[in-house]
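What follows is a short report on a single structure.
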Amino acid sequence: MATGLRTPEAAVDPGARTSAHHIGWRLKALVLAALLGCVGLFVLARALVLEPVLPGSWREDGRDAVVLRGAADPVLATLGGSRLVALGPAGGTREPVDALLLQHSPRWLVGDDERARQAAMNAALQHALGAGAVDLQFGDGTVATVAPRARGVADLGFVFWLLVALALMLYLTAAVVALARPGDAPWPYVALAGLQSANLLLIAVESVPGLGQPLVRWDWHASWRLVPDLATAAAVVHAAALHPRRLPHAAAIAAAAWALAAALWWMAASGRLPGLWWWLQAALVGGGGVAIVLLGWNHRRAPHPLAPVLGRLGAIAVGTLVILSAALAFVHARGELPLQIAAVGSTVWTVFLASLLLALPMLARTQPLLREFSLVAGVSTVATSLDLLFVAVFSLGHFESLALALFVAFGTYVAARQWVTDRLLGRRALTTGHLFQLLYRAARDVEAQPPRVHERTRRLLRDLFEPIEVRDSRDVPPASRVVASGAGLVVPLPAPADSAAAPPAAVLLHHAQRGQRLFTSDDERLADHAIEQLQRVLAVDGAVERGRREERLRLAQDLHDDIGARLLTMMYRAPTPEMEDYLRHTLQDLKTLTRGLAASSHRLSEAAAEWRTDLGHRLQLAHCELEWSFVADRDTELGVVQWSALTRMLRELVSNAIAHARASRVEVAVRYDGEALRLVVADDGCGRDPAQWRAGLGLGGVRKRVRQLGGEVRWSEREPRGIRCEVYLPRLAERGG
């Protein structure tokens, strides 16, 4: 409703593409809007301050009568505690009055008769004030003639300024939303915020202490006071038809809502709508219910996290309104007139609705203070409703009912707080144990296979947030960032160990928890924490790998300088040509080994060439023929562990063919296709029945190295004679190291 999202691909903040020029005019327009709002509030406050009012402080006595609490006016100073029964212009006709004169708005009066009686009393008061002097008749027959006075700043009250400040905040929020994307602004939200801002101003004016409604002509106030609520019901339906995605026939749905609201207002203004309060409540509850249904339909058509979130917020707002309306209706049915509680309940509910509207544009980054404010406002609405019901149903005193209502409301707050903070936005509770398990599993996988860190990070993010879609992002921020007003989350991926030259990468997660909630700033912190843990694993893995490489280099250097030098000396001093040739090949094997230890990786094609040369020399000394075959659809890198394991396996298998099978011919075939490597070594020796072989160091070493590389090995007989060994490594490229 408040984001103006069109598609989930809008993966950048709305202001990210805004030029400095556009920001400049938007800022100027916002400053102008703020200035106009402040000037308007100043004019309103000045009019209230200068308006003539009756002196004194007035209250309800619990029996539907107006009681003078006290007054600084010398005429009224001695009449404190007296009941006011009638008033009128000095020397003129006096009209009877009751506690309805203290109710400043007809909006929350349930009965039509009460509304008409209130309008008549306010008209009489306005006529008396216009005469310049007012006769006040009290219950003991005393008549006091007083002169109206200007209200003054001090008489506006704290509640007035509080509501005015909230109205200004909501007005400026609507201005920011409208100016952020003027070509695609969510105008239903702007209308909603503007209407509730006006509603707050009306309630602020109505909260000013005193008799009668300030600044109001009663011949038009009763009808125009309905506009904010009726228009709110229509705007809610309009917004749900357009956001987060436009529904079929959205224009017809919105037009029907606005037409119905206009028809209700016209009937109310012309006096053709009996039971007006019931119609108003039905319009608000019905509009909210229709909006919830439309949001559910929107989510079923194409899942979007904003739809269920708005549906939950709407259900809370409608639910609290239903409770308040039911309480007022029940009390009215008993013939009671709970004016103060009704005024407080309606005010608190309007503040609650305003707080939800304030939170909507920044749902992904709503601060805890704003969440707590909304929660307290909602619970306060429930408390005032319960207070009404306890008084009416259980005949409790005001103190007892208020204490019990506060107790129940506080229990509701404690019970609902976790739900509101964790489940209101659809967030699944993530326990510390589950989070540790996911991070531990990811860290172990990354530690075992560092090159797969990006794939493992994507899997971890899926487990944490359950997004509908995960794809690469062209935008790589320095830290995780919520985008598209909470519909997406961009997470930078950790760089694999020893790949500083690799370009930075990031992924974009769309629609958390299968489209049930928005991403929030808490998710940013969680993603950054998870990436930080993986980066620590990679850093440790990189340090270990550097230590291993340094150790391999040291060993290779020692073997070359020490053992190599000794073999070279022995070769020059060999007593026979056969011994010299044997030592020469041994020295060649040592060079191959040291070169492999010194290198951090090997190309498969280069390793195959070395294997062919090495095996050829070995078989040549044994007077055995080698048939070599190497086929690869592409070249790939072999890590040191892979190169060492494959080299030792080939040497062991060929040595077995020479020493145990006494073969005259050995066939070696290496085939790399996709990610799989198939290695076959076959001979024509005397070996038979491999199932009966006892696993010695040689065969056990082959099996161990194959398992280390994630593959499988199998020996079988050849016809007419010989043994065939087949090694299959299905994911060679994923197990570098």
Protein accessible area in segment 660-723, 1.4 Å probe - carbon and sulfur %: 46
Phi-based couplings in Hz for segment 231-245 (Karplus 6.51, -1.76, 1.60; Gly and Pro marked x): 5, 4, 4, 5, 5, 5, 5, 4, 5, 5, 6, 10, 10, x, 10
Segment 37-48 - phi-based ³J(HN,Hα) in whole Hz, Karplus 6.51/-1.76/1.60, Gly and Pro as x: x, 5, 5, x, 5, 5, 4, 4, 5, 5, 5, 5
Positive-end extreme of charge dipole, segment 214-305 - chosen from Pro228, Ala269, His243 (charges on Cβ): His243
Mean Cβ neighbour count within 10 Å, used as a protection proxy, ranking 103-109, 314-320, 716-722 highest first: 103-109, 314-320, 716-722
Accessible surface, segment 674-725, averaged per residue in Å² (probe 1.4 Å): 59
Cα shape, segment 79-127, gyration tensor, a/c 1.5 rule: oblate
Gained length - His127 relative to Arg731, 0.36 nm times residue gap less alpha-carbon distance: 208.1 nm
Calculated FRET efficiency for the pair Ser223/Val39, C-beta based, R₀ 22 Å, to 0.05: 0.20
Overall form of segment 56-109 per C-alpha gyration tensor (a/c, 1.5; a/b vs b/c): oblate
For segment 51-108 and segment 644-713, distance of Cα centres in Å: 107
Nitroxide proxy distance, nm - points 7 Å out along Cα→Cβ at Leu626 and Ala506: 5.2
R0 of 56 Å, Cβ-Cβ distance Val680-Asp475: FRET efficiency to nearest 0.05: 0.70
Segment 637-737 - charge dipole about Cα centre, Lys and Arg +1 at Cβ, Asp and Glu -1, debye rounded to 20: 340
Full-stretch length increase - Arg603, Lys704 - with 0.36 nm per residue and alpha-carbon distance subtracted: 34.0 nm
Reciprocal of mean inverse Cα separation for segment 226-289 (Kirkwood radius, Å): 11.9
Heavy-atom accessible area per residue - segment 56-191, 1.4 Å, Å²: 43
Potential extension, Tyr440-Met570 segment - 0.36 nm per residue separation minus Cα distance: 41.5 nm
Per residue, in Å², the accessible surface of segment 234-314 once ligands and nucleic acids are set aside, probe 1.4 Å: 42
Under 5 Å, built H, 5+ apart or other chain: amide partners of Ala133: Ala90
Portion, in percent, of the accessible area of segment 22-75 that falls on carbon or sulfur, probe 1.4 Å: 70
Pairwise FRET efficiency - Asp673 versus Ile468, Cβ, R0 = 25 Å, nearest 0.05: 0.10
Per-residue HN-Hα couplings for segment 256-270 [Karplus 6.51, -1.76, 1.60; θ = phi - 60°; Hz; x = Gly/Pro]: 5, 5, 5, 5, 5, 4, 5, 5, 5, 5, 4, 5, 5, 5, 8
Accessible-area composition of segment 127-274, carbon plus sulfur, in percent [1.4 Å probe]: 71
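The values are calculated or read from the model by the stated rules, or taken from the named source; none is laboratory data. Because the structure is a prediction, the values reported are computed rather than measured. FYI the Cβ positions are ideal-geometry reconstructions off the backbone, even for glycines, and counts take in every protein chain you see. To get the accessible areas, we keep the full protein, side chains included, count just its heavy atoms, and leave off ligands, DNA and RNA. Shrake-Rupley method; radii C 1.70, N 1.55, O 1.52, S 1.80 Å.
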